[in-house]
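Right, one structure below, let's go through it.
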Amino acid sequence: MTNSAPIGVFDSGVGGLTVVKEIMHQLPRESIIYFGDTARLPYGTKSKETIITYTRQIVRFLMAKGVKSIVVACNTASAFALETVKTEVNIPMIGVVKPGAKVAAEATRNGNIGIIGTEGTISSGIYNEFLSLTNPNVQVYGKACPLFVPLVEEGLIEDPVTLEMARRYIGELLAHNIDTLVLGCTHYPLLRRTIRKTVGGTVRLVNPAYETAKSLKEILIDCGLENESLLQMDHTFYVSDGAEKFRRFANSILPCEVIETKDVNIEELMI
């Protein structure tokens with residue numbers, strides 16, 4: 001493996017592109033291989049055993065592409081599968097939960113922190129665990145927002161329906177006087193403006209995608225894996241379904257043009 005090897009990033013769909021965007025900004029010399037498991041989303045309603053299986057399949061796919069590290073850009077997979085699967089590989093592998101939780105625990109002023117995420121992420125209690133480890137005095141209030149992912153995937157980011165659902169979901173958390181809200185799904189930063197309209201200007205929004213990119217940079221430096229080459233980066237995008245739709249969406253949020261997205265036969269990933 002060389003320092004110029006790519007970073008592998010995966011998610012259940014387009015949400016992980018928010019992590020890719022942050023990596024591109026903070027680590028501009030790194031190449032990225034992205035896999036979006038669009039054929040099997042959403043992950044948030046599936047069992048832990050199923051998520052571990054999916055994660056193993058995708059990690060094997062990325063390892064075969066020669067990646068030097070892997071970012072699990074999915075809160076559900078980070079919660080259910082990361083600790084199991086990272087012991088099975090010999091490269092750095094990080095998720096999106098711990099970096100975001102650390103910042104939220106340090107940022108809160110009144111100790112009341114809200115978490116929004118998929119049903120799987122909220123029910124796992126993983127954010128509660130990491131937040132309590134960093135700051136034992138916090139009170140954590142979680143709310144599953146199952147409609148947010150399909151609304152994002154359909155491009156309804158600033159639609160009135162999305163704003164109404166945000167008010168319904170997040171209103172429960174505001175009743176607990178939260179001063180910090182963790183966007184506990186990588187799709188949710190794409191709803192940032194809608195969520196901001198809902199919570200007002202006093203609640204701090206924590207974007208785990210940004211914090212994950214910061215953590216990844218630190219890990220690459222510590223492991224001596226940071227790419228210092230001035231050669232042009234080579235970003236590659238794979239999905240398990242809907243390549244053209246994914247490509248159009250990626251081009252609407254990434255700082256570079258995605259010329260091609262490649263379809264991967266999901267059967268080829270099966271163990």
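Taking amide H atoms as placed 1.01 Å from N in the peptide plane, the amide H of Thr180 lies under 5 Å from those of Gly114, Arg204, each 5 or more residues away in sequence or on another chain.
Taking other residues whose beta carbon is less than 15 angstrom from the beta carbon of Thr50, and scoring Lys, Arg as +1 and Asp, Glu as -1, yields +1. Sequence-ordered 3J(HN,Hα) estimates for the stretch 66-74 from the Karplus curve with 6.51, -1.76 and 1.60 and θ = phi - 60° stand at x, 6, 9, 7, 10, 10, 7, 8, 8 Hz, glycine and proline given as x. Think of a 1.4 Å ball rolled over the protein heavy atoms: the chain then has 44 Å² of accessible area per residue.
Pick out, in residue order, every one of the GluC sites (Glu not before Pro) in the stretch 104-205 that is DSSP loop and has at most 14 other C-beta atoms within 10 Å; say none if there are none.
Answer in residue order: Glu154, Glu158.
3J(HN,Hα) along the stretch 27-44, derived from phi through the Karplus expression 6.51 cos²θ - 1.76 cosθ + 1.60 where θ = phi - 60°, amounts to 10, x, 8, 8, 8, 10, 10, 10, 10, x, 7, 5, 6, 10, 6, x, 7, x Hz, with x in place of Gly and Pro.
Equivalent ellipsoid of the stretch 94-154: semi-axes from √(5λ) of the C-alpha gyration tensor, largest first, are 22, 12, 10 Å. The residues packed around Pro99, meaning those with a beta-carbon under 9 Å from its beta-carbon, carry a net charge of +2 if Lys and Arg are +1 and Asp and Glu are -1. Taking all protein chains as shown and a probe of 1.4 angstrom, Ile52 keeps an accessible surface of around 20 Å². A simple rule links phi to the HN-Hα coupling: the Karplus curve 6.51 cos²θ - 1.76 cosθ + 1.60 with θ = phi - 60°, which for the stretch 262-268 gives 9, 7, 10, 5, 4, 4, 5 Hz, with x for Gly and Pro. Computed from label points 7 Å out along Cα-Cβ, the spacing between Leu230 and Glu268 is 3.7 nm. Summary of the geometry: the stretch 1-71 and the stretch 208-222, compared by the centres of their Cα atoms, lie 15 Å apart. With N counted as the residues of the stretch 97-208, its alpha-carbon radius of gyration over 2.2 N^0.38 Å works out to 0.98.
Taking 4 °C and 1.567 mPa s as conditions, the stretch 151-271 diffuses translationally at an estimated 74 µm²/s according to Stokes-Einstein applied to its Kirkwood radius (Cα pairs). Against the main long axis of the alpha-carbon atoms of the chain, helix 160-174 sits at an angle near 60°. Net charge of the neighbourhood of Thr2, taken over other residues with C-beta under 15 Å away and scored Lys/Arg +1, Asp/Glu -1, is -1.
Tell me which GluC sites (Glu not before Pro) from the stretch 191-265 have a DSSP coil assignment and no more than 15 other beta carbons within 10 Å of their own. Hits after loop and neighbour filter: Glu228, Glu257, Glu260. Per residue, the convex hull spanned by the Cα atoms of the chain measures out at 118 cubic angstrom. For the chain, the longest principal axis of the alpha carbon atoms and the long axis of helix 97-107 meet at an angle near 40°. Summary value for the stretch 97-208: 36 percent relative contact order, contacts being C-alpha pairs under 8 angstrom separated by 6+ residues.
Quotient of the Cα radius of gyration of the stretch 1-156 and 2.2 N^0.38 Å, N being its number of residues: 1.05. By the helix-only formula, in which each DSSP H run with n ≥ 4 contributes -39500 (n - 2.57) and the sum is divided by residues, the chain has a 222 nm mean residue ellipticity of -12500 deg cm²/dmol.
The values are calculated or read from the model by the stated rules, or taken from the named source; none is laboratory data. This one's a predicted model, so the numbers in the text were calculated from it and none came from an experiment. Because the Cβ atoms are built from the backbone with ideal geometry, glycine has one as well, and the counts that use them run over all protein chains shown. For accessibility, only protein heavy atoms count, side chains too; no ligands or nucleic acids. Shrake-Rupley method; radii C 1.70, N 1.55, O 1.52, S 1.80 Å.
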